[in-house]
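What follows is a set of notes on a single structure, which appears directly below.
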Amino acid sequence: MGGGFGAVGLAGVLANDMTPARTGAFGSANPLAPKPTHHEPRAKRVIFLFMNGGPSHVDTLDPKPALARHAGEAAPESIKTSRKRAGALMGSPFSFRKCGESGIEVSELFPFLGECVDDLCVIRSMHTDVPNHEPALLMMNSGVIQPTRPSLGSWLTYGLGTENQNLPGFVVLCPGKPVVGPQLWSNSFLPGIFQGTHINNKAIDPQRIIAHIGNRSLAAPAQRRQLDLLQRLNEEHLGARGGRDSALEARIQSLEMAYRMQFEAQDAFDIGSESKATRGMYGDGEFADGCLIARRLVERGVRMVQIYYGNDQPWDDHADILKHRDHARKSDRPIAALLRDLKGRGSLDDTLVVWGGEFGRTPTSEGSRGRDHHSQGFSMWLAGGGVKGGHVHGATDDLGFVAIQDKVHVHDLHATILHLMGVDHTRLTYRYSGRDFRLTDVYGEVVSDLLA
Amino acid sequence: MGRTGSLVLGLALATTLPVARADDAAGADFFEKCVRPVLVENCLGCHGPSKAKSGLRVDSREALLAGGDGGPALKPGDPDGSRLIEVIRHDGDIAMPPKRRLADDEIAALREWVKAGAPWPDSASKTRAARPAASPILTAEDRDYWAFRPLHVAAPPAVRNAAWASSHIDRFVLARLEAKGLHPVPPADKRALIRRVTFDLTGLPPTPAEIDAFLADESAEAFARVVDRLLASPAYGERWARHWLDIARYGEDQAHTFEARLYPYGYRYRDWVVKAFNDDMPFERFVTEQIAGDLLPDDGDGKDDRLAATGLFALGPVYYGRAVLDELDDRVDTLTRGFLGLTVACARCHDHKFDPISQRDYYALAGIFSSTDYKEYPQAPPEVVARYDEANARVKKQTDAIAAFVRQESARWTERAAGQTARYVVAAWTLANHRKAQPDLSTADFARAEGLEAFAVDRWLKLLSPAEAAKRPYLARWHSLVSAQDASVDLSREEKVTAEVARAAEALQAYLLASIRVGETLKAQADAARTAGVKAGDKSLSLDPTAARLIREIVSADGVFALPKDRAEKALAASVRAELKAMRTELDRLKKAVPPKYPVIHALADKAHTGNLRVHLRGNPATLGDEAPRRFLAVLSAETAAPFSRGSGRLELARSIAARDNPLAARVFVNRVWAAHFGRGLVATPSNFGRMGEPPSHPELLDWLAARFLNSGGSLKALHRDILLSSTYRLSSRMDSQSHEIDPDNVLLWRANRRRLEVEAWRDAMLAATDELDATPGGPSQDLAAPDNRRRTLYAKISRHSLDGLLRLFDFPDPNLTSDKRPITTVPLQQLFVLNSPFMERRAQALAARLAAADGDDEARIRRAFVELYGRPATAREVRLGLDFLAEASAGGGPPAWHQYAQVLLGTNEFAYLD
């Protein structure tokens, strides 16, 4: 215990009293400066690969031979999926094979990932509250099903700051926009600077990837000259006011940082500068580009990068689960490349990679060849910073309906992610509306079995 | 789960008890956060007021010291010697709680607490014991908390420097300064003052002419004249409305998009707020109309305005899937924090931990809102409304008809398919046999050749497979027949075999059809019996299980012959498809014929059936407690106050809040006004006047202002005059290192706070400086990012789903939640906007053009720019810097030098900050 972070880092810098009279709170100290952690962190940054729409666990990471044996039968009476039109049990059309030294079974959908399985910590016992996209997306991102709370990335940047002041601390990549949209990376009641910076990576033009990142008409030397004048006038203004005012000084500094950010950010997003071999390893496509950008961002000190697999909710395969093949084809190679790339650069050790969607899919069909939403049991995986590799945690029942062993709720996942980042989830709080709020509300336990 | 359970949040936090003294505030805080909840949750049920097993109670320090049958339970300072700690460790003879060991951090917290001497704050301390919701008894101390006390109007105190004080306000302020040995800095110069007050009241800069007039006016009333002029400006309401809209979490849509309720006419509420401020609407009406405008007596005049006023709640967030309890939480939260500075929503799951607000209070207020409906009041003649409604009804009717038709035809298809059972069975068997030789033979090709539906062939294949068939009694004959066949050879051309197979298939079909007939007959019998009033006895006939299963698995809505959605239409007969097509064409026609939705006012109405809510124990709707009659907060009501009885009770609620004898609403409101003028409230937590908020820095001044406000009939403009004409308001923002040493946060107001303009004022000021501002008041909101949007920022669309990027970047609050004050952040992404945004580029070009239009050389234009933008003449050095820059930039190529220069002037600290 001990109050280092709670008492000084947050309560001091981030007191919820940010009136101008107390510009000490936000005006002078940079609220995004790196902050001390509660304990030694195992990971310094997070890449969250978000498979929006909800990938089917029984077709990807949670093999259920019994499902094939009972295919066509009605689901057991005891199963209440709360979705109305549960059809018959449907075996996976995909085969599974044991991969790596750990022998963890992975679906044929993910041949590349299969080769990385010894770095993965697969959770087969995830569960969440509601099997509908909007509430489940909000739960996975902010810990409640209503749009009234800050997101995971906002909490992380609020609590930890970020290591590179020339880049946003929390970047969200999505070719287009996922269902729900900005609320998924919202700062909510935290100050606006902790909101995720959404980047539509449908087409990556480093010049316009962040709002106003480049000047349309001024070359760098001309802009430097312009900024020099601006700063001279600001100095004159400050001088006439006694030469000391933390808020005015903060804005002067911030202008310099913005100037530098233009070049650093454009450089960070310029995947064209990667070698042919690297580009080849990641493959083509929006998601592949996103993964490569994520690596470039985290190695530059961005605290959290979230990559949504696609616009809207592509993994939502109600009509035909075979469409998973297409999503897997587009994401498998880049994800494996990202893991290998991070590992090769030695940064997988302190980068936490998280993979999953807002929920899983029913082991039953919907009277067609697709599967419905499912919240009571599904799979995710973690890799890198501080988690066990080649490890499986938890299990669903024989048919893949309900997480029955070592269950992990989304709150537990959040608690564990924060723990790996050096943060005690019970002590990362923000005073709002007369009380202290947390990402995990009153819930969540660190899942120690996941920790290396 | 929404906010359910959020309240115990701070409590499980394992923080260290910093100082081992039993009587200090940190000890009390630790006890309340980490110890009391553990005792209440886990122990009090058996060792409390209702039960005291083994003679032990744990609801007071004394009781623990006295102990029970096993002796004293507590030895302060000695955890290992304390029986309490021994039993909760679960490693000795007695283990408590018996069913579940406490969490490690809870045990650690209790140990820590005993070690620190077991501090147990008494009832006079800051915190309150948890009480059951059924007994919301208020103590005299509860009512005597400063925020609930009647206004105490003290005589302004005596001060030494009486000459400085120009009003009562100043004497209250100066007395506190003098007591600390502080001196106010000199007053602001006239240029700084008119710039400050003009932005303060209108959100716009003063014009050079206004500045000159003020400088020229040397009379004692010069400043009062400026204040009056500004208060009379329509821009005043536009500025002050936005302060209130932060609290009202004004938004025009929802965070979610799926079937979201939108508020395209929400601007009517925004315009009502603007008008209320401009008209100096008395406070009592300001409150009453927003809560219950729809319930006020209808005197004809202004009825629509009063409806629009209820937008405070009518425009509230609704959540995905209609989470009604969470919506009530929003209404109670916005109401109580907005008008009363109380966090009543904290009492949704249990009594408020720190303030005398019971769970009953929460549900009493929530019941008022649950008795209230959102209602759209048409703003069109009845026949227009009727036309729209009828057109929509026709669309719905046709949509339903199409769905019913598809359902009916699908059922017919299934019925006909049942008569084809033998063909399908034979086909499935044949296909399986062909595949022995041709494993890749596709069902689709085969089915097409046979004139059958592939999906049904596939399903039969699966059902007839040995593993499945073996499990089904109705396939017994089939199974024994097929399992005897050679599994490696295609038998489909062996006549003897096919004849056998065909016979078995026919038999199955006959059984199916007979079962269906019997089933129908039984159902007809049951229906007839019911009609005849015959009670079906235990021996009433039903289908035997095998037949029932057969029917379920073949012809039910989940059965083999159920048409999948994606095949439904293709499988239907051509004539049916044609009919469907015609119905769809008609639907399209009907849809096109729907006239545009008529305008509405988004407002409230009482429900036809109003009623009380019951307390939700632990906030859980499944565990209901006592009914909570709809009424006002107990601590602000007389003990004898009757529950509300008229409709939802909203009008009574509004009147209770606005009542002259409610000191809290006036305190909260004048404090907000003070905070907007000074950058900090007398209470620094404007929406929390409870124990977890900050106490007032100048309690007597706060009460004096509140009383004065009420005595003026709730005139906000009179309040502004009082405040603005004080010497305190007119101080300069000059630093004084000695004073800074003593009061670094300037809580005691020895100087004016330097403030950054809010995003609205900053953007509007730019448009004003370039002479581009479109001052059209009111009406529909516009996209702020639209390049041609030159209206005041107030009129931007406010989206809860996707807030405008500029607003979000510059600390505009999230419109999903009520906001009491904006944080002020300074980060590079904001400066990228200053350096690179098209908005800034366009303003710079406009400013350059404006300056170029006037006569004179570069120097004259630079001087003019400083006056326009900063309200002061440029210094010689500033002119020099400008001329040098223009020369260099002209030589450097690129955009015109004046564009570059103008952007610099708009981007300075001086433009963004007020002295």
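Looking at B:573, B:634, B:605, which is the one that is over 30 Å from residue B:714 (Cα atoms) and small (Gly, Ala, Ser)? Step through it out loud before you land on a result.
Numbers: B:634 fails: over 30 Å from residue B:714 (Cα atoms); B:605 fails: over 30 Å from residue B:714 (Cα atoms).
One residue alone meets the criteria, B:573.
So is residue B:910 facing chain A (nearest Cβ under 10 Å), touching a helix residue (DSSP H, G or I) at 6+ places or on another chain (Cβ under 9 Å), not aromatic (Phe, Trp, Tyr) and not in a loop (DSSP other than H, G, I, E, B) or not?
Working: facing chain A (nearest Cβ under 10 Å): yes; touching a helix residue (DSSP H, G or I) at 6+ places or on another chain (Cβ under 9 Å): yes; not aromatic (Phe, Trp, Tyr): yes; not in a loop (DSSP other than H, G, I, E, B): yes.
It is true that residue B:910 is facing chain A (nearest Cβ under 10 Å), touching a helix residue (DSSP H, G or I) at 6+ places or on another chain (Cβ under 9 Å), not aromatic (Phe, Trp, Tyr) and not in a loop (DSSP other than H, G, I, E, B).
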Screening B:305, B:301 for residues that are more than 14 Å from chain A (Cβ to nearest Cβ) and more than 25 Å from the chain's Cα centre (by Cα) leaves only B:301
With the first residue restricted to the range B:350-363 and required to be at the interface with chain A (Cβ under 9 Å from one of its Cβ atoms), and the second required to be among the β-branched types (Val, Ile, Thr), Cβ contacts under 6 Å at 6 or more apart or on different chains are B:354/B:127
Looking across the range B:873-907 at residues that are among the charged types (D, E, K, R) and within 10 Å of another protein chain (Cβ to nearest Cβ), the single one that is nearest to residue A:222 (Cα to Cα) is B:888
Selection over the range A:89-109 where residues are of a type in the set (A, V, I, L, M), more than 26 Å from the chain's Cα centre (by Cα) and not in a loop (DSSP other than H, G, I, E, B) yields a count of 1
Note: among A:441, A:424, just one is at positive phi, within 13 Å of chain B (Cβ to nearest Cβ) and either assigned to a loop (DSSP other than H, G, I, E, B) or among the aliphatic types (A, V, I, L, M) (or both), namely A:441
Reported set for the range A:61-75 where residues are facing chain B (nearest Cβ under 9 Å) and either at pLDDT 85 or above or crowded, with 18+ Cβ neighbours inside 10 Å (or both) is A:69, A:71, A:72
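Being at pLDDT 90 or above, under 21 Å from residue B:829 (Cα atoms) and surrounded by 20 or more Cβ atoms within 10 Å (Cβ to Cβ) is true for just one of A:262, A:231. Which residue is that?
Details: A:231 fails: surrounded by 20 or more Cβ atoms within 10 Å (Cβ to Cβ).
So the residue among A:262, A:231 that is at pLDDT 90 or above, under 21 Å from residue B:829 (Cα atoms) and surrounded by 20 or more Cβ atoms within 10 Å (Cβ to Cβ) is A:262.
Of everything in the range B:713-749, what is within 14 Å of chain A (Cβ to nearest Cβ) and among the hydroxyl-bearing types (Ser, Thr, Tyr)? Give them in sequence order. Let's see the steps before the verdict.
Filtering the range B:713-749 down to residues within 14 Å of chain A (Cβ to nearest Cβ) leaves B:728, B:731-741, B:743-749.
Within the range B:713-749, B:728, B:732, B:733, B:737, B:739 qualify.
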Flagged in the range A:297-323 as buried (at least 24 other Cβ atoms within 10 Å of the Cβ) and part of a helix (DSSP H, G or I), in numbering order, are A:297, A:298
Expected single match for farther than 20 Å from residue B:794 by Cβ, of a type in the set (A, V, I, L, M, F, W, C) and either touching a residue at least 24 places away in the same chain (Cβ under 8 Å) or in a helix (DSSP H, G or I) (or both) among B:369, B:277 is B:369
If we take the range B:139-247, then helices (runs of 4 or more DSSP H) inside it with 2 or more residues that are buried (at least 21 other Cβ atoms within 10 Å of the Cβ), out of contact with any strand residue (DSSP E or B) (no Cβ under 6 Å at 6 or more places or on another chain) and of a type in the set (S, T, N, Q) are B:190-202
Residues in the range B:712-722: is at least one free of Cβ contacts under 8 Å to residues at least 60 places away in the same chain, of a type in the set (S, T, N, Q), on the phi < 0 side of the Ramachandran plot and assigned to a loop (DSSP other than H, G, I, E, B)?
yes
Inside the range A:110-146, the number of residues satisfying the requirement of being touching a residue at least 24 places away in the same chain (Cβ under 8 Å), buried (at least 24 other Cβ atoms within 10 Å of the Cβ), within 14 Å of chain B (Cβ to nearest Cβ) and more than 18 Å from the chain's Cα centre (by Cα) is 0
Take the conditions free of Cβ contacts under 8 Å to residues at least 40 places away in the same chain, under 17 Å from residue B:453 (Cβ atoms) and either in contact with a Cys (Cβ under 8 Å, 6 or more places away or on another chain) or part of a loop (DSSP other than H, G, I, E, B) (or both) and apply them to residue B:558. Does it pass?
yes
Checked the range A:265-285 for anything under 28 Å from residue A:32 (Cβ atoms), crowded, with 16+ Cβ neighbours inside 10 Å and in contact (Cβ under 8 Å) with a residue 24 or more places away in the chain; matches are A:265, A:266, A:268, A:269, A:270, A:271
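Looking only at the range A:193-216, decide whether some residue is among the aromatic types (Phe, Trp, Tyr), within 7 Å of another protein chain (Cβ to nearest Cβ) and surrounded by 20 or more Cβ atoms within 10 Å (Cβ to Cβ).
Within the range A:193-216, the first condition is being among the aromatic types (Phe, Trp, Tyr), and the residues that meet it are A:194.
From what's left, within 7 Å of another protein chain (Cβ to nearest Cβ): none.
Taking every residue of the range A:193-216 in turn, none turns out to be among the aromatic types (Phe, Trp, Tyr), within 7 Å of another protein chain (Cβ to nearest Cβ) and surrounded by 20 or more Cβ atoms within 10 Å (Cβ to Cβ).
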Of the residues in the range B:690-705, those that are at the interface with another protein chain (Cβ under 10 Å from one of its Cβ atoms) and either within 16 Å of residue B:154 (Cβ to Cβ) or among the hydrophobic types (A, V, I, L, M, F, W, C) (or both) come to B:692
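Filter the range A:157-183 down to the residues that are of a type in the set (A, V, I, L, M), more than 10 Å from chain B (Cβ to nearest Cβ) and within 24 Å of residue A:213 (Cα to Cα) and list them by number.
In the first step, residues of the range A:157-183 are kept if they are of a type in the set (A, V, I, L, M); the result is A:160, A:167, A:171-173, A:179-180.
Then drop every residue that is not more than 10 Å from chain B (Cβ to nearest Cβ), which leaves A:160, A:171-173.
Scanning the range A:157-183 gives A:171, A:172, A:173.
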Residue set B:630, B:655; condition at pLDDT 95 or above and crowded, with 23+ Cβ neighbours inside 10 Å; output residue B:630
Among (1) at negative phi; (2) at pLDDT 95 or above; (3) more than 32 Å from the chain's Cα centre (by Cα), residue B:749 falls short only on (1)
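Name the single residue, out of those in the range B:415-450 being among the small types (Gly, Ala, Ser) and crowded, with 16+ Cβ neighbours inside 10 Å, that is nearest to residue B:484 (Cα to Cα). Lay out the reasoning, then the answer.
Step one: filter the range B:415-450 for residues among the small types (Gly, Ala, Ser), giving B:417-419, B:422, B:427-428, B:432, B:437, B:442, B:444, B:447, B:449.
Retained after the next criterion (residues that are crowded, with 16+ Cβ neighbours inside 10 Å): B:417-418, B:422, B:427-428, B:432, B:447.
Details: B:417: 28, B:418: 27, B:422: 20, B:427: 19, B:428: 17, B:432: 15, B:447: 26 Å.
Here the answer is B:432.
The values are calculated or read from the model by the stated rules, or taken from the named source; none is laboratory data. If you're wondering where the values come from, they're calculated on a predicted model, not measured in any experiment. Cβ coordinates were reconstructed from backbone atoms using ideal geometry, including for glycine residues, and neighbour counts include every protein chain displayed.
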